[in-house]
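Input: a single structure, listed below in structure tokens.
The values are calculated or read from the model by the stated rules, or taken from the named source; none is laboratory data. Every value quoted in this text rests on a predicted model; they were computed, and no experiment measured them. Here the Cβ positions follow ideal geometry from the backbone for every residue, glycine too, while neighbour counts run over all protein chains shown. Remember, those area values only see protein heavy atoms, side chains included, never the ligands or the DNA or RNA. Shrake-Rupley method; radii C 1.70, N 1.55, O 1.52, S 1.80 Å.
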Amino acid sequence: MPEMDNEKDGGIFEKGCKFASTVFQLDVSTKRKEREEKRKEEDKDIDRKLKEEKEKFEEIRKKHSPDSPKFKRSKQRYELALRDHEIEKDKIEKDEFRAAIKFSQIDAEPFEVQYFAYLVGLLVFLGTLVLVLYALFFTDISVIIKMSLFLPVMVVPLLAIAFIMNFPFYMAKRRRAKSLGRMPEAINYMVMSMSLTPNLGRAVEYAAESVEDPLSSELRKIIWDVEMRRFSTIDESFMAFADEWGKWSEEFRRSLYTLRNAAQKETQKEVNQTLQKANEIAVRGTENKMRDFSESLTVPAMTLFSLGSILPLLLAALLPILAIGDTTAEMIIFLLNVVIPVGFLTYAVHILGYRPTMRAPLHLSDLLTKREKYSVVGTSVAVAAIMIFLGFYWRPDHSYLISLLPLWGITIAITIYCFFTSYFPFKQRDNVLEMENSFPNALFHLGGYISRGSPPERAFEKVSENIYSSSVSILFQKISYSLHVTRKSLSDVLFAKGGVLEKNPSQMIKATTTMVARAIKKDPETAGDTLVRMSGYLTELQNIEEEMKSRLGEVTGMMKVTAQFIAPLVMGITAVLYVMLSGYFADIELEGPMAGMAGGFIGQEAPIGGFAFSLVVGVYLILLVLLTVFFTVGIESGEDWADRKMTVVRILPVSMLLYTISAILAEIFLAGII
């Protein structure tokens, strides 16, 4: 399963736009000039309409008193013209399509996106037309189906154009959702920074360094706008940022406003109280946003579950009966193995794009060398190729159940690839997650020791001896040992070349320990109090994330059960039933009027052999497992590909084993009935 992220998706889209510019021989500079001229003409036209209405109003005002009906009507028209003028100007200035492209950081002009959409639409039209012509002249299908094939030729290209034109909006919404998900963490970092030094600019810089894109770039823009003289002070730029993002979250706007107020307080006590309030507002806003997302997910997830899992299972169960009549089995199989999986993936990606991302992505190191990766891929391909070849080679002389051999080849190949490419990253991921989950508790104890006057090296040592987390204990032992031996500052021990956290993949731990290093430079009481409050902030965010996972688990649990247990049982029985019924009806001989009324493959061979049918159903089962894992893990953990791959390793072999067992048992039990 390909890894999908914003940068990769945007990069492919940008290349497509540039390719379309080349194909249509677009002069970008000329097009930009034309766009600017068109914009100026639109401005002039809007100003001209307002000017005309104003001149009419001025003439009437000179001739009529304010109480006259004509004056009132003219004034009303002028006020409407003023309002329309502001609306039209605002539309031109904002240009939502251009704004979406810019916010998505897609390096393309609006006209390049439009021509890329036309190019994709043209290619899709030609491809669809070729497929339809092939179906018309080289396949034996009914006239009704042949006539209906012209509908995709008209509809599919329009859908492709709409997809390309709306892609920047989708990317902007996805980027905004990720930024809003990380906003509480950024506010937390600003709160931590201002609790030590109530300087708004320094707090913004620290938050921008501590979080990752896309929010990091948005925070840095606060500083850049001041340096570029767009705003005269950090306060003005910060408030503009709060107003912009407040459009999508009122709680975050209030939290950012409260942060700004904290910088203006005179005493440290007032600063801390205001910062506490800002953090509470952000936490409550996050809780509400996560609750809204989990509630809004119910209908889309059930729709996806119904169309991607339940409907295909019903179709598969009905195939043995549908294939007996005039229904074309090939069309149903095309729907089962192409249309539904593509639709499932598209809708799943759409839903995942709106998932708020609370936890920073882990930068897990891959211990496999390039040569080892090639070996894993080569082994996987070789296993699949050998078993697929043997399955087709032995096909004429064996039962249709020999189709299980190619299916197991594909399953084993996918399992080998996922296991060996994710085993070490997954272990590292579990270790880091355990460290992150235990870190607030360790921070609380560290703050207690610091506040009682213990030196940093001794405080880290005591926490490492009393904390239950093995990973945090080892980390703190390393920090304590380095402080004792090297006599360097805590910042150098942590982040200098060869430092304890130099290769740590957790952004949260790096950002928090940076603040720890700043805090211990203060007096023990202030430093300890700061660390304890940091622990409370982090604990609150973790509780929100756990609550969200619990809510979302209720939605995704049934999908996992269906893919792992229910679907393979139904598919296995369906494959056997199809083969037996097709053989049974093929042996029926009808004479007289009944022979002319018979349809489907009664009295003749089935249009799809048992081997091919079993293979098609098994392939759909594999696709269903992969797509279900992609969606459910994405909902629960975000873009965590190590977890996705290991979940495939756990579920896919079990699902294929149940498919195999159900097919064998169904053949044994149904053989005596049919």
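Solvent exposure of the chain, expressed per residue, is 51 Å² of accessible area, with all protein chains present and a 1.4 angstrom probe. Filter the cross-link list K478/K510; K178/K289; K373/K427; K478/K503; K33/K54 down to pairs whose alpha-carbon distance in this structure exceeds 20 Å. From the list (K478/K510; K178/K289; K373/K427; K478/K503; K33/K54), the Cα-Cα distance tops 20 Å for K33/K54.
Between the listed residues L626, V576, T258, the Cα displaced farthest toward the positive end of the dipole of the chain, a dipole computed from Cβ unit charges relative to the Cα centre, is found at T258. Between E37 and I661, the contour length at 0.36 nm per residue exceeds the Cα-Cα span by 217.6 nm.
Using θ = phi - 60° in the Karplus curve 6.51 cos²θ - 1.76 cosθ + 1.60, the 3J(HN,Hα) couplings for the range 437-444 round to 5, 8, 5, x, 5, 5, 5, 4 Hz; x is entered for Gly and Pro. The calculated FRET efficiency for the pair T303 and F392, based on their C-beta separation and a Förster distance of 51 Å, comes to about 0.85. Each of F71 and R220 was given a label point 7 Å from its Cα along the Cα-to-Cβ line. The distance between the two points is 6.0 nm.
Note that the range 208-216 has calculated 3J(HN,Hα) couplings of 5, 6, 8, 9, 10, 4, x, 5, 4 Hz, one per residue in order, obtained from phi through the Karplus relation 6.51 cos²θ - 1.76 cosθ + 1.60 (θ = phi - 60°); glycine and proline are x.
Here the accessible area is traced with a 1.4 Å probe on the protein chains. For the chain, carbon and sulfur cover 60 percent of it. Which part of the range 419-436 falls in the paramagnetic zone of R650, meaning amide N under 18 Å from the point 7 Å along Cα-to-beta-carbon? Zone members listed by number: 419-435. Each peptide in 545-554, 217-226, 637-646 was scored by the mean count of other Cβ atoms within 10 Å over its residues; highest first, the order is 637-646, 217-226, 545-554.
Distance between the modelled labels on K265 and R452, one decimal in nanometres: 2.8 nm (7 Å Cα→Cβ projection).
About its Cα centre, the dipole of the chain is roughly 2100 debye, where the only charges are +1 on Lys and Arg Cβ and -1 on Asp and Glu Cβ.
Label-to-label distance for A385 and R202 is 6.2 nm, based on points extended 7 Å past Cα in the beta-carbon direction. Taking the longest Cα principal axis of the chain as reference, the axis of helix 268-305 is set at about 10 degrees. Selection among M190, P69, F495 by position relative to the dipole of the chain gives P69 as farthest towards the positive end (Cβ unit charges, Cα centre). If R0 equals 25 Å, the separation of the Cβ atoms of E554 and H350 corresponds to a calculated FRET efficiency of about 0.75. Here the dipole of the range 439-540 is about 280 debye; that uses its Cα centre as origin and unit charges on the Cβ of Lys and Arg (positive) and Asp and Glu (negative). When the charge dipole of the chain is built from unit charges on Cβ atoms (+1 for Lys and Arg, -1 for Asp and Glu) and taken about the Cα centre, the candidate among F163, Y393, A519 whose Cα reaches farthest toward its positive end is A519. Here, P(r) means the percent of Cα pairs in each 10 Å bin from 0 to the largest distance; for the chain it is 3, 11, 17, 20, 17, 14, 9, 6, 2, 1, 0. Stretching S296 away from S29 to a fully extended chain increases their span by 91.7 nm, per 0.36 nm per residue minus the current alpha-carbon distance. Available extension along the chain between V339 and M228 is 34.9 nm, counting 0.36 nm per residue and deducting the alpha carbon span. Expressed as an acute angle from 0 to 90° and rounded to the nearest 10, what is the orientation of the C-alpha long axis of helix 470-486 relative to the principal long axis of the chain? Orientation of helix 470-486: about 40 degrees from the principal axis.
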